[in-house]
Structures are given as C-alpha cells and as structure tokens.
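The structure appears right after this line, and notes come after that.
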Amino acid sequence: MKILLVEDDQVTGELITRFLRDENLFCDCITTGEEAFQIGKIYDYDVIVLDIGLPDMNGHELLQKLRDSAISSPILVLSGLQSIQDKVKALGFGADDYMTKPFASEELIVRIKALARRAEGHSSAIIRVGEIQLNLDTQHIEVAGRPLQLTGKEYQILEFLLVRKGATVTKNNFLNRLYSGMDEPEEKIIDVFMCKIRRKLQDILGPSGREYIETIWGRGYVLREPNKQNQVPSNVISVHPSIASISPFSKNNLPSA
Ligand code: CA
C-alpha cells in the first residue's frame with residue numbers, strides 16, 4: 001500500500017512516516033501543496049493524508065485541485081482544526097475522512113487501511129481468489145491454508161494483483177508502485193518477480209499454481225482463478241487461453257527440447 005503524506009511539520013511528518021513504515025505501508029512525505037499536487041497527479045496512491053495548514057496553499061485548496069484533476073485516491077484530512085465547520089468544509093471539498101490532531105497512531109493506521117480497502121471495493125480485509133487468501137490488515141497471504149513466504153517486493157506485487165483481480169496491471173504500474181520513480185530498474189525485473197511468485201504458488205498448489213497469474217503479452221499481468229475446465233497441463237507451454245486454442249503447440253505436437 002502506498003500513502004502520500006502532505007505535512008509541513010517536520011516532526012509530525014517523520015512520526016507518521018515511521019508509524020506507517022512499521023506497518024509496511026510505504027509513504028512519500030511532501031511538505032508543500034504544490035509539490036503534493038504534482039506528485040499526486042503522476043503516481044497512483046492508495047490513500048492521501050493531508051494537513052490543512054500548508055505553507056504555500058490551504059489544504060482545502062489542494063483538496064479541490066486534486067479532485068478537479070480527477071485524482072480519486074481516498075483523502076484523509078489530518079488537522080488541528082477541530083470544529084464541525086472545519087470538518088464539514090473538508091468533506092465538502094472531497095475528503096473521505098477527517099481526523100483531528102493530536103491523534104492515536106493506531107486509529108490513523110486503521111482508518112487508512114479501511115479507506116484503501118473501500119476504495120478497492122472491499123469492505124472486508126480478506127480477499128480470496130481461488131486457493132489464495134490475502135488479509136490486507138495483517139499483510140499475510142495463505143495458499144491452500146498454508147502461509148506463503150514472500151519477500152517484501154514479491155508481497156507488494158501479489159497484493160497489487162489480488163486487489164485488482166481480473167484487471168490487467170502493466171509493468172509500468174508495478175514499477176511506479178514498487179519504486180515511486182526512484183532508481184527504477186528496467187521493466188524486465190517485473191518478469192523476474194513474477195517468475196518467482198509463480199514458482200512459490202506452484203510449490204504449494206502444484207501445476208495449477210502457475211495458472212493464477214496470466215501474462216497479457218505486450219501489456220502486463222492479470223490474476224484470476226484458474227478455470228478448472230480449461231486448465232493447461234503443466235507439461236504444455238503456458239500461454240494465454242485465447243492463444244492456446246489456436247496454438248500449433250498442442251500437447252502432442254510440442255517441439256522436442
Ligand atoms: Ca501544518
């Protein structure tokens with residue numbers, strides 16, 4: 001999960017960044033409204049946490065600019081302003097939630113996770129696709145009831161695919177999410193990660209484990225529950241089902257290795 005934190009107070013910014021990192025929530029902390037607006041337009045954040053008192057523009061103004069630019073990430077306003085009018089104003093400008101300072105870190109984390117979940121259309125913290133089960137709160141993935149051991153980057157990739165199950169995710173989407181434009185490696189790295197994840201799924205599920213993540217040639221990857229009737233035997237080259245039906249490489253016609 002990736003959070004954009006807009007907070008000009010250095011101490012508060014560092015504190016929140018630390019809380020979020022402890023929860024494995026990746027956070028970019030920005031101190032001015034203009035910079036937040038620019039970066040918010042480029043990257044797809046799961047949640048934006050926004051202070052109202054910013055040095056260069058009012059948080060309400062930033063809220064309006066973000067919404068006018070069709071940035072739909074959920075926005076949580078975190079402000080020292082405590083009156084009902086302040087809350088109503090922020091919600092009216094397009095905020096999804098409002099918390100007042102001082103705040104409890106546990107509450108902030110729970111609210112951020114809930115906002116991200118609802119934005120993805122998941123009211124529960126559990127996402128299931130076939131034998132794979134993700135708990136967004138604990139960031140724990142089980143496959144056929146067994147814990148799946150993943151590195152940090154592998155987890156981020158599989159989580160991203162699970163919350164967008166059925167939708168194609170491009171390699172560029174993955175790079176933005178994993179590296180935020182900082183020292184971005186080449187797109188090929190995503191293929192390497194995907195290969196490792198598929199192998200780990202296969203280790204638990206057998207051949208069907210490789211069928212969850214489908215390659216969409218020239219575009220990216222999509223995760224979906226394998227169709228049991230169309231399952232490709234493991235000794236056949238794994239191809240997109242639409243290609244499989246016209247592939248010359250049928251099971252009896254494989255080129256010798
Ligand atoms: Ca401030």
Original post:
So for 7, 23, 35, what's the accessible-area order with a 1.4 Å probe, most first?
Top reply: 35, 23, 7
Subject >> Computed over the stretch 1-94: relative contact order in percent, which uses C-alpha pairs under 8 Å that are six or more apart >> reply: 29
**OP:** Among 147, 162, 125, pick out the residue whose Cα is farthest towards the positive end of the charge dipole of the stretch 106-174, where Lys and Arg carry +1 and Asp and Glu carry -1 on C-beta, about the Cα centre.
**Re:** 162
Original post:
Taking the Cα centre of the chain as the origin, how large is its charge dipole in debye, to the nearest 20, when only Lys and Arg (+1) and Asp and Glu (-1) carry charge on their Cβ atoms?
Top reply: 1340
Original post:
What ratio of Cα Rg to 2.2 N^0.38 Å holds for the chain?
Top reply: 1.17
Original post:
Straight-line reach from residue 65: which lysines have a Cα under 26 Å away, not including same-chain ones fewer than 8 places off?
Top reply: 2, 41, 87, 89, 101, 113
Original post:
Using a basic spin-label model with each label point 7 Å from the Cα along Cα→Cβ, how many nm lie between residue 15 and residue 126?
Top reply: 3.6
Subject >> Mean ellipticity per residue at 222 nm, deg cm²/dmol - from DSSP H runs of n ≥ 4 across the chain, formula -39500 (n - 2.57) >> reply: -12000 deg cm²/dmol
**OP:** With a 1.4 Å probe and all protein chains in place, put 22, 137 in order of accessible area, largest first.
**Re:** 22, 137
Original post:
When DSSP beta bridges are limited to those with both residues in the stretch 68-227, what percentage is antiparallel, rounded to the nearest 5?
Top reply: 80
Original post:
Does the stretch 87-200 come out rounded, prolate or oblate by the C-alpha gyration tensor, with a ≥ b ≥ c the root eigenvalues, rounded set by a/c under 1.5 and, if not, prolate when a/b is larger than b/c and oblate if not?
Top reply: prolate
**OP:** Using every pair of alpha-carbon atoms in the stretch 30-75, split the distances into 5 Å bins beginning at 0 and state the percent of pairs per bin, rounded to integers.
**Re:** 5, 25, 40, 25, 6
Subject >> Charge dipole (debye, nearest 20) of the stretch 92-190; +1 at Cβ of Lys and Arg, -1 at Cβ of Asp and Glu >> reply: 220
**OP:** Please state, as a whole number in µm²/s, the translational diffusion coefficient that the Stokes-Einstein equation yields for the stretch 152-225 at 25 °C and 0.890 mPa s, with Rh defined as the Kirkwood radius across alpha carbon pairs.
**Re:** 198
Subject >> Convex hull of Cα atoms in the stretch 149-188, direction-averaged projection (nm²) >> reply: 3.1
Original post:
Relative contact order for the chain: what is it in percent, counting Cα pairs under 8 Å that are at least 6 residues apart?
Top reply: 12
**OP:** Can you spot the aspartates and glutamates whose alpha carbon is less than 20 Å from residue 165's alpha carbon? Ignore those fewer than 8 places along the same chain.
**Re:** 44, 46, 120, 131, 137, 142, 154, 191, 211, 214, 225
Original post:
By what distance, in whole Å, do the Cα atoms of the stretch 43-131 stretch along each of the three principal axes, largest value first?
Top reply: 49, 31, 20
**OP:** In nm, give the distance between the simple-model label positions of residue 56 and residue 168, each being 7 Å from the Cα along the Cα-to-Cβ direction.
**Re:** 3.7
**OP:** List every DSSP H helix in the chain whose Cα atoms extend 15 Å or more along the helix's own long axis and whose mean Kyte-Doolittle hydropathy is at least 0.5.
**Re:** 152-163
Subject >> Order of exposure, largest accessible area first, which applies to 43, 212 with probe 1.4 Å >> reply: 43, 212
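The values are calculated or read from the model by the stated rules, or taken from the named source; none is laboratory data. Keep in mind the model is a prediction, meaning the values are calculated, not measured. Cβ sites come from the backbone with ideal geometry, for glycine too, and all protein chains shown count toward neighbours. Areas reflect the complete protein model, heavy atoms only, side chains present, ligands, DNA and RNA absent. Shrake-Rupley method; radii C 1.70, N 1.55, O 1.52, S 1.80 Å.
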